[in-house]
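**Q** Shown below is the structure under consideration.
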Amino acid sequence: MSTSRRKDQGLGATANGGSGGSFASHERSTATPPPAVEHQNWGDTGIHVDSRTPWGNADHVTQPAPGISIVSTAGHGGVKLSRERNAKIPPALRQKNGWYEEDCESHAPFYYFADEMAHEFSHNDPEYMREVAERGLREWYPDEFEKATGQKVSPEQSGVLRERLADQQAFNEFAVVSARGSEAFPDKVVISGHRKSDGDEAEFLVDRDEYRAHDKSQGHFVADQDRHPQLPLKEVEEKPKNKPVAIPDRIPDSVTGAARQRINKDLDQLWRDREGNVRSLHQILERDGASHRSVYAEGEGANIKFRYAIVQDDHSSYRVSKATFDYLDSIPDERTPADLQREDSLRKEAKVRKLEAEHGGLHGRNFVEAHRAVAPARKALLESQEKYLALRKEEEEKRKVREGSHEDRLKAQREKQADRERRARIGGF
């Protein structure tokens, strides 16, 4: 059973010209309305078109009442309440920043301010709006709704509670977390199961028809170890292991003062590990070590940014500054020559995009001058991209010699998986 939040369950999206949205599919109930809120100065949200929101800049903003803004962006939307309005939402359901995303959180402001907001929708019915919002709160926030209102919520009213109940019923069983087609048996699927009682994981062969026939409303599909053959464990690929990190006693004099501050700050930064222990990065590296350093890019075009991290063999990642990344050069750098060249290309692309923006996007009366100013940077970008493609091709060719082509590697993986499935047996290993 999934508790993923459906897009059509939010209320806010229908305010922007919709034809009823989720209201169109709900029947009326006998919900008890919350107490009427007295008239007062409701303040201002300060939100308008192009304002920053948690989901990007606002494309459309409506204000059904003082202190309430319904916002949509290119990808999402929600409701923003003023400080005065937000104070009227009970603490259990209140978002401290006053933002309520449209899929689920927005049920709270629609419930408590239905009278003010209903006229933004085609039905213009506060009672109906409040009933739908109440159902949404019971569905997604049963504990918070009970605390805020004192009204009990049953599993029949809440997918969250049904999921919780299903987890409890399957606590000592291998409950399915994913399923895929079998490589060896066309009429079967391979399910991956997780047992919450001890965190163990295992894979089982299950008849395809049996798996499809399972009613998810009745709880998780669980593996029957007396009927479903268990696959042997996968061969664990060799991965970089943590190695002790010898952190120098002092930072070299050649390091600038600003870089020195960043290094000291990073090494003193406290982190909580998976066991709940809080230690500084310095202590973590000295005791546990690290497997490698990693760099990744965020954003695109002129807004590209590079992030630097120290990584351990359990995939724990500790973000650091470039100064610290360079300082801890005893930790292996996993980047290949092609990776480094790609970073160079991204930096040069950012430079080109910034120059284009500075010259009005290469349009207007200074068209020729703008192109002339950007031309050297664009030439450098093209040369860098060509180098990157050549290096990537060279590395792929070397890998092909070692491991075969991509198709060969994929075929070998499928054959290895089929062999594991053929060796599956009742009772496990």
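The values are calculated or read from the model by the stated rules, or taken from the named source; none is laboratory data. Not measured: the values here are computed from a predicted model. Counting neighbours? That spans all protein chains shown, and the Cβs are built from the backbone with ideal geometry, glycine included.
**Q** Just to be sure, is L346 under 30 Å from H371 (Cβ atoms), crowded, with 16+ Cβ neighbours inside 10 Å and without any contact (Cβ under 8 Å) to a residue 60 or more places away in the chain? If you could, list the steps in order and put the result at the bottom.
**A** Working: under 30 Å from H371 (Cβ atoms): yes; crowded, with 16+ Cβ neighbours inside 10 Å: yes; without any contact (Cβ under 8 Å) to a residue 60 or more places away in the chain: yes.
It is true that L346 is under 30 Å from H371 (Cβ atoms), crowded, with 16+ Cβ neighbours inside 10 Å and without any contact (Cβ under 8 Å) to a residue 60 or more places away in the chain.
**Q** If you don't mind, another one. Could you check the stretch 157-195 and list, in sequence order, the residues that are of a type in the set (F, W, Y) and under 12 Å from V206 (Cα atoms)? Don't jump to the end; show me each part of the working.
**A** If we filter the stretch 157-195 for residues that are of a type in the set (F, W, Y), which is where we start, we get 171, 174, 185.
Selection gives F185 alone.
To keep it simple, each residue is scored yes or no on (1) more than 31 Å from the chain's Cα centre (by Cα); (2) in a strand (DSSP E or B); (3) not basic (K, R).
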| residue | (1), (2), (3) |
| --- | --- |
| R212 | no, no, no |
| H220 | no, no, yes |
| I263 | no, no, yes |
| E275 | no, no, yes |
| R287 | no, no, no |
| V295 | no, yes, yes |
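**Q** Going by the conditions given, is L410 among the aliphatic types (A, V, I, L, M), touching a Ser or Thr at 6+ places or on another chain (Cβ under 9 Å) and surrounded by 11 or more Cβ atoms within 10 Å (Cβ to Cβ)?
**A** Details: among the aliphatic types (A, V, I, L, M): yes; touching a Ser or Thr at 6+ places or on another chain (Cβ under 9 Å): no; surrounded by 11 or more Cβ atoms within 10 Å (Cβ to Cβ): yes.
No; evaluated as a whole, the condition is false for this residue.
**Q** Please verify whether V245 is under 30 Å from R293 (Cβ atoms), modelled with pLDDT of 90 or more and either in contact with an Asp or Glu (Cβ under 7 Å, 6 or more places away or on another chain) or not in a loop (DSSP other than H, G, I, E, B) (or both), treating the condition exactly as stated. Please lay out each step first, then the result.
**A** On the way: under 30 Å from R293 (Cβ atoms): yes; modelled with pLDDT of 90 or more: yes; either in contact with an Asp or Glu (Cβ under 7 Å, 6 or more places away or on another chain) or not in a loop (DSSP other than H, G, I, E, B) (or both): yes.
Yes; evaluated as a whole, the condition is true for this residue.
**Q** Further question on the same structure: Which ones in the stretch 244-273 are touching a Lys or Arg at 6+ places or on another chain (Cβ under 7 Å) and within 11 Å of T324 (Cβ to Cβ)?
**A** Result: I251, single match.
**Q** Keeping to the stretch 399-429, report how many residues are within 16 Å of V206 (Cβ to Cβ) and in a loop (DSSP other than H, G, I, E, B).
**A** Final tally of qualifying residues: 4.
**Q** A further question follows. Based on this model, can you work out whether L346 counts as within 26 Å of the chain's Cα centre (by Cα), part of a helix (DSSP H, G or I), among the aliphatic types (A, V, I, L, M) and within 30 Å of E386 (Cβ to Cβ)?
**A** The answer is yes for L346.
**Q** Let me ask something else. Could you please let me know if N57 is over 30 Å from K196 (Cα atoms), without any contact (Cβ under 8 Å) to a residue 60 or more places away in the chain, crowded, with 21+ Cβ neighbours inside 10 Å and not assigned by the TED database to the domain that holds K216?
**A** It is false that N57 is over 30 Å from K196 (Cα atoms), without any contact (Cβ under 8 Å) to a residue 60 or more places away in the chain, crowded, with 21+ Cβ neighbours inside 10 Å and not assigned by the TED database to the domain that holds K216.
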